[in-house]
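The values are calculated or read from the model by the stated rules, or taken from the named source; none is laboratory data. Source: prediction; values computed, not measured. Cβ placement follows ideal geometry from the backbone for every residue including glycine, while neighbour counts extend to all protein chains displayed. Calculation scope for accessible area: heavy atoms of the full protein, side chains included, ligands and nucleic acids excluded. Shrake-Rupley method; radii C 1.70, N 1.55, O 1.52, S 1.80 Å.
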Amino acid sequence: MLDETTTAALPPVRHWPALDLFGVEFDPVLAELMREGPISRIKLPNGDGWAWLVTRYDDVRAVTNDPRFSRKLVVKNDVTRLAPHFIPVDGAVGFEDPPDHTRLRRAVAPAFTTRGVEKLRERARALLDELVDEVLVDGPPADFTERLLAPFPLAVVCELMGVPAIDRPKMREWTGLILSSAQGAERSQRAKEDMCDYFADLLRQPRDGDSDDEGVMGLLGTAVANGEITASEAVGLALLIQIGGEAVTNNCGNMLFILLTHPEHLARLREEPAVRPRAIEEMLRYIPHRSAVGLSRIALEDVTVAGVRIRAGDPVYVSYLAANRDPDVFPDPQTLDFDREPNPHVAFGYGPHFCVGAMLARLETELLVDAFLDRFPGLRFAVPVEEVRFRRGALIRGPESLPVTW
C-alpha cells in the first residue's frame, strides 16, 4: 500500500537476467528480491537505466490502480525491459491511460461480458471435442501442446475475432514470433506488421447481413464507423486480443504439467469434479506464468510506495507473480492447495488494465481441464519428466511440447 516516506537509503540496483527455467520453477532472482524487501531496484537485459520493482500484494494493487502511474509514457522512454523488441502499436490498449484506455476497452467490452462469452461456450466445447476425438482416434502417444493446447485457444479466439479457419496457422506463427525474442527483434517487428496488415484488411471488408456485429471485428467496425475509435486503434486492439489467446495455451500447459507431476492432485480432481473450479483458481495463483515482469509504468509525480519515494519520471514494475506468493495474503504460498479460500489472486492483473479476456480464458481453461481429466484415463508423460521441453526466450512461460500417453 502507499504509505509515508522513510529516509532509508536507496536499495542497490540488481541485475535480473533472462532465465530459461524448467517447469513451474519459481524464478530464484525474484524470490531473492521478495526476501530483500517490498520494493527494490532492478535492471533487465534490454533498454536503458533501472526501474523500481514492487512485489508486495497490497502495493502491487495500489500501484496498478493509481492514475499517478502512466503506461502511455512508457512508449516514449527506453525503459529497462526483458525483451529486446519493443513494438507497441497505435491502439495498443496496454499502453494507454484513462480516458483513452477506457474508450478503447469500451469498444470491445460486449464481446467479453458474461453473455458474450457464454454465447461461445457450446461452440468452444464443440471445437475442443473435435480435436480430442481426433487425438483419441490416432491413439497414444501424442503431443498435447501441438494437438490440443495450441489449436484450441487459437480456434476460439479466431471464432471470436472472425478469422477464417484457413488463416489460423498464420495467426499462430505471428503470435509466437511477437511474444518471443528467440528469432530477434526484427522478426518480431515484421510479424507484428503482418498481423496488423491482416486485421486492417479484414476491417475494410464489407460485412454482410449475416455477420456477427457482437463479435470483435463487428464491434470494432461499428466503433470506427461511429467515430469512437480510429481504424489504426481498431487494428491495435485486434492484435492485442488475438495474441492474448496464447496465454491460455501456456497456462493450461503449465496446469497439465502440474497435475501430471502431482498425481494425488490429479486423482482428487477426477474423484471430486466439484473441486475443479477452485483448483483452477489455485493453479492460476501458483503458476509463474511469465518470465521476469511485463509492462512498466512511469510515475507522473512523486509517489511514496512501501515507504520509498518514487520520483516523477521513474519507471516502475509490479510483479503479479510475487503478489500471488505474498504470505500475508496467501498462507503457505509455496504450497499448491486446492482448498485455499479465499483466493484473491492477481493472475489476470488488477485495476484498469485487468485482462479484458479473463472470463474467456477461464471458460477455455475449464473445458481443457475437464477434457484432460474425463477423456484421457491413465494420462501420463510419454517421456521422463526431465525431458519435457519448455519454451526458451519467451515472454510467457509454458511447455513447448507435452508428450503424453494414456
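Could you work out the relative contact order of the chain? I mean the mean sequence separation of Cα pairs under 8 Å and 6+ apart, divided by the number of residues, in percent.
Relative CO of the chain lands at 28 percent.
Kirkwood-based Rg over Rh for the chain (C-alpha set), two decimals?
0.96
Taking just the C-alpha trace of region 219-290, give me its Rg and Dmax in Å.
Rg, Dmax (Cα atoms, Å): 18.7, 55.
Heavy-atom accessible area per residue, the chain, 1.4 Å probe: how many Å²?
43
Want the number for Arg68 to Arg106: 0.36 nm per residue separation, take away the alpha-carbon distance, what's left?
Residue separation times 0.36 nm, minus the Cα-Cα distance, leaves 11.5 nm.
Could you check the spin-label model distance between Arg311 and Lys43? Points 7 Å from the Cα along Cα→Cβ, value in nm.
Between Arg311 and Lys43, the label points sit 1.7 nm apart.
Which parts of region 229-268 would a label at Asp374 reach, counting a residue when its backbone N lies under 18 Å from a point 7 Å out along Cα-to-Cβ?
Those under the cut-off are 256, 266-268.
Quick check on the chain: helices-only [θ] at 222 nm, where DSSP H runs of length 4 and up contribute -39,500 (n - 2.57) each and the sum goes over total residues. Nearest 500, please.
Helix-only estimate at 222 nm: -13500 deg cm²/dmol.
Taking the chain, how many lysine pairs are there with alpha carbons less than 27 Å apart, if each pair must be eight or more places apart or span two chains?
7
For the chain, modelled as a GNM with alpha-carbon contacts under 10 angstrom, which of Asp66, Asp339, Asp370 fluctuates the most?
Fluctuation is largest for Asp339.
Between Asp194 and Ala31, take the C-beta separation as r, use R0 = 30 Å, and let me know the FRET efficiency to the nearest 0.05.
Step by step, r from the Cβ atoms, then E = 0.20.
May I have the convex hull volume per residue, in Å³, for the Cα set of region 319-386?
Hull volume normalised by residue count: 156 Å³.
Would you work out what percent of the accessible area of the chain, with all protein chains in place, is carbon or sulfur (probe 1.4 Å)?
Within the chain, the accessible surface is 53 percent carbon and sulfur.
For region 88-235, report the convex hull volume of the alpha-carbon atoms normalised per residue, in Å³, without decimals.
Spread over its residues, the Cα hull of region 88-235 gives 133 Å³ apiece.
Report the calculated FRET efficiency for Ile166 and Leu10 (r = Cβ-Cβ distance, R0 = 56 Å), to the nearest 0.05.
Calculated value: 0.50.
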